[in-house]
1. Consider S65 carefully, then state whether it is modelled with pLDDT of 80 or more, over 16 Å from the mean Cα position of the chain (by Cα) and either on the phi < 0 side of the Ramachandran plot or not in a helix (DSSP H, G or I) (or both).
2. Going through the stretch 112-133 one residue at a time, which ones are on the phi < 0 side of the Ramachandran plot and not in a helix (DSSP H, G or I)?
3. Pick out the one residue from S146, S179 that is surrounded by fewer than 21 Cβ atoms within 10 Å (Cβ to Cβ), touching a residue at least 60 places away in the same chain (Cβ under 8 Å) and polar (S, T, N, Q).
4. Listed residues L98, L17, L66; which is hydrophobic (A, V, I, L, M, F, W, C) and farther than 30 Å from S253 by Cα?
5. So if I check each of G115, G29, G90, which one is at pLDDT below 90, in the same structural domain as I143 (by TED's automatic domain parsing) and over 18 Å from the mean Cα position of the chain (by Cα)?
6. Can you name every residue in the stretch 1-52 that is under 30 Å from E246 (Cβ atoms) and without any contact (Cβ under 8 Å) to a residue 24 or more places away in the chain?
7. Counting just the residues of the stretch 225-278 that are exposed (fewer than 15 other Cβ atoms within 10 Å of the Cβ) and small (G, A, S), which one comes out modelled with the highest pLDDT?
8. What number goes with the only condition from (1) more than 17 Å from S175 (Cα to Cα); (2) loosely packed, with under 11 Cβ neighbours inside 10 Å that P16 does not pass?
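The values are calculated or read from the model by the stated rules, or taken from the named source; none is laboratory data. Bear in mind the structure is a predicted one, so any value in this text is a computation, not a measurement. A quick note on method: Cβ atoms are made from the backbone with ideal geometry, for glycine too, and the neighbour counts reach across all protein chains shown.
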Amino acid sequence: MGRTKRIYNLILRTWPLFKVGLWLGKQPGIDHVLKPVFSTKIHQVTMIPVNEAIAQGKQTVLPYSLLQQLVEQASARFIMEECVCRRHEGCQKYSAELGCMFLGEGASHIHPSLGHTCSKEEADEHLQRGMEAGLYPLIAHTIIDSLALGIQYKRMLTVCFCCECCCLVHRGLRSGPTSLLDVVQRLPGLKLSVGEGCMGCADCIDRCPVHAISLNHRSVEIGEDCKGCGICVHACPQGAITMEMEGDEEILSGFFRRVNSYADILPSKPDKKSIPRP
């Protein structure tokens, strides 16, 4: 069993150090020293657009269906009793009671004092609450969660519901080390486009967490650093920014191939040698 709530809260007293680390990671000279701390070998994050349909040829896929598939396939599910980021930052916009969800074998070892295991149905309801609240889902696999909770790193995955004001990832992208840009990725094949309706109001530029949008004459351009969070889609008053999938690859297959490359959340396959013969 993982760490108790008392031990977990003691670890979280180092919260201010996380933010200091993000700031130090961007300082000349120090950024190179701290680069291993933000390595893709121990952190992987995929941003999921919130409540926005993604065009795939003649079809559309809702981001919720991606999360739902993860929940369906996971061997176990655990809902944290609160959001650590919103609690420590004293969020005034969103409730801290909507916590992260953990998936995979590691989730079954999280101490019950921190939340509770749940059924697929309850997990789906939790996903819906997060999406309907306008929070931005992150699919994360990070060593920090594993160490803080005392669970196996390889056999867990985190589904966070983040707000722009409190989430450490969002804040880190805005003001943290450049190496964090490699850790956070967009959905495979996802492309954001700016249509003719763009009036160059720059609302999307101010909201983009990675500064990937620039003004070009009377319209904006979205650069390669875009993480596909979809914040700009919601920020555009003209509805001029759209999302679509490039290529023939299915969204689900590309997404799950990436997740499976670094985290194993599926039920363990039975050992054939241990199965008694009839």
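1. No.
2. Residues satisfying the conditions are H116, T117, C118, S119, A133.
3. Checking each option against the conditions leaves just S179.
4. None of the other options fit; the residue is L17.
5. G29
6. K41, the sole residue that qualifies.
7. G239
8. In the conditions (1) more than 17 Å from S175 (Cα to Cα); (2) loosely packed, with under 11 Cβ neighbours inside 10 Å, P16 misses (1) alone.
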